[in-house]
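Notes to accompany the following structure.
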Amino acid sequence: MHAYGVKRERFVRQFVNRFLTLEGIGVLFLDSEFRVVEVSEMICSFFGFARADIANKSAEEWFEAAGLRPYPFDRSLLEGQAFRNRVLDWKQGPFSRKLMIDGEALEDNGERTGAFILFRDVSHQMVLEEQIRRSDRLKTIGQIAAGTAHEIRNPLTAIKGFMQLLNKSLNDRGMDKEQGYVGIVLSELERVNGLVSEFLLLSKPKEIKRDWMEIGQVVQEIMPMIQNEAIMHNVTVLYYPQPGLPPILADKELLKQVFLNLGKNAIEAMGEGGTLIIREHGDPGGSDKLAAEFIDTGPGIPPDVLDKVFDPFFTTKPQGTGLGLSVCQRIVDDLGGTIEVSSDEHGTEFTVWLPCAKT
Ligand SMILES: Nc1ncnc2c1ncn2[C@@H]1O[C@H](COP(=O)(O)OP(=O)(O)O)[C@@H](O)[C@H]1O
Ligand SMILES: [Mg+2]
């Protein structure tokens, strides 16, 4: 019995030592004063500090040092308020990560001795799940759009043609007031037409042409249009090209549409003034994807709205169609990429990941 106990203890110790060095899962032990007793390597490397930096510090001191706000948990944990699957958003330079954390108090003979908190990095799963949900929603909408868009476009073309004829006759007869009315009809028709075009893009991508190209080249080509829009709203546009990135495999016209939509949204969000930053970078994780980012200094997107912005017809603008981001999502999906958003009260950041050549 004694030998068994010793063996068991050794095993548990080995397990704990190994556990403390695991990469995908981390653990933090707190004493009854809420001070850090032990922390595993995963947490140190994830938040970028050494073990000695936080040993014996209170959890709050650690939250402050790591910039974790709001605090992911509080002292009620010591009173037995366990939690499960709490999501912790963590921003690290341009990358945002998601951790899932569980916490529970520890007891010894009815006496509370402290607590432990488990951390799992779920960034990848969460992004994938969200992408799947979004694509599913889009597919359904796409089917409806495909059925109606053509039905709307055909009569529109006829109406537009006859309106132009009417305009000419009114002009010949010098009927200026009536001609003004027709002008309004024509410009409203243009708006409907634009809407239907976005609809068609949503419904089914036309032939996608995949070519190798420099991402910087695509950005350069839309810059004049973005600058134009920016000047009208007093927005400063800063573009940081990154030379030496591998070429991407994409459809240039479709990708331009994505970047334009993101640029336009950013400028519209800021109203008057502000800065739009456009930059490119590879993936430090070494995947065969690279990113284009659109970062603005606008008011940000409230958390409860954030997961709706890609929904077709979701808009907060009086004149918005709510189709811009759905179209972006659809196109990026079809190009084999992903699109991510993160936002706080200081601004919003859209990141488009696109497949590129292996370096
Ligand atoms: N950069 C941004 N900053 C703040 N909110 C944004 C930003 N981009 C998009 N949004 C929000 O997402 C909504 C949907 O955008 P979008 O699909 O392009 O449609 P629209 O621009 O027609 O409203 C916008 O109405 C806005 O509320
Ligand atoms: Mg838009």
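The values are calculated or read from the model by the stated rules, or taken from the named source; none is laboratory data. These numbers were taken from a predicted model, which means no experiment stands behind them. Cβ sites come from the backbone with ideal geometry, for glycine too, and all protein chains shown count toward neighbours.
Miscellaneous remarks
- Note on segment 237-286: residues that are surrounded by 15 or more Cβ atoms within 10 Å (Cβ to Cβ), closer than 20 Å to Asp333 by Cα and of a type in the set (Asp, Glu) total 2.
- Some residue of segment 128-148 being touching a residue at least 24 places away in the same chain (Cβ under 8 Å) and assigned to a strand (DSSP E or B): no
- Consider segment 122-140 and keep the residues that are more than 15 Å from Asp333 (Cα to Cα) and hydrophobic (A, V, I, L, M, F, W, C). The one that is modelled with the highest pLDDT is Val122.
- Looking only at residues in segment 328-356 that are within 16 Å of ligand 2 (Cβ to nearest atom), β-branched (Val, Ile, Thr) and assigned to a strand (DSSP E or B), the one that is nearest to Gly286 (Cα to Cα) is Val352.
- Residues (assigned to a helix (DSSP H, G or I) and within 15 Å of the chain's Cα centre (by Cα)) located in segment 255-295: Val258, Phe259, Asn261, Leu262, Gly263, Asn265, Ala266
- All conditions in (1) in a helix (DSSP H, G or I); (2) out of contact with any helix residue (DSSP H, G or I) (no Cβ under 6 Å at 6 or more places or on another chain); (3) surrounded by 12 or more Cβ atoms within 10 Å (Cβ to Cβ) hold for Ala52, with the sole exception of (3).
- Subset of segment 58-85 that is crowded, with 17+ Cβ neighbours inside 10 Å and more than 30 Å from the chain's Cα centre (by Cα) - its residue that is nearest to Arg120 (Cα to Cα): Leu77
- Residue in segment 246-259 that is within 14 Å of ligand 2 (Cβ to nearest atom), at pLDDT 95 or above, over 29 Å from Val87 (Cβ atoms) and among the aromatic types (Phe, Trp, Tyr) present: yes
- Here Phe314 fulfils each of the conditions (1) within 8 Å of ligand 1 (Cβ to nearest atom); (2) at pLDDT below 90 apart from (2).
- For Gln319: the one exception among (1) within 16 Å of ligand 1 (Cβ to nearest atom); (2) touching a strand residue (DSSP E or B) at 6+ places or on another chain (Cβ under 9 Å): (2)
- Remark: pairs (first residue in segment 308-329, touching a residue at least 12 places away in the same chain (Cβ under 8 Å) and farther than 13 Å from Leu202 by Cα; second residue near ligand 1 (Cβ under 8 Å from one of its atoms) and assigned to a helix (DSSP H, G or I); Cβ separation under 7 Å; 6+ apart in sequence or on different chains) = Val309/Leu325; Lys317/Glu268.
- Verdict on Gln242 being free of Cβ contacts under 8 Å to residues at least 60 places away in the same chain and either outside any helix (DSSP H, G or I) or within 16 Å of ligand 2 (Cβ to nearest atom) (or both): yes
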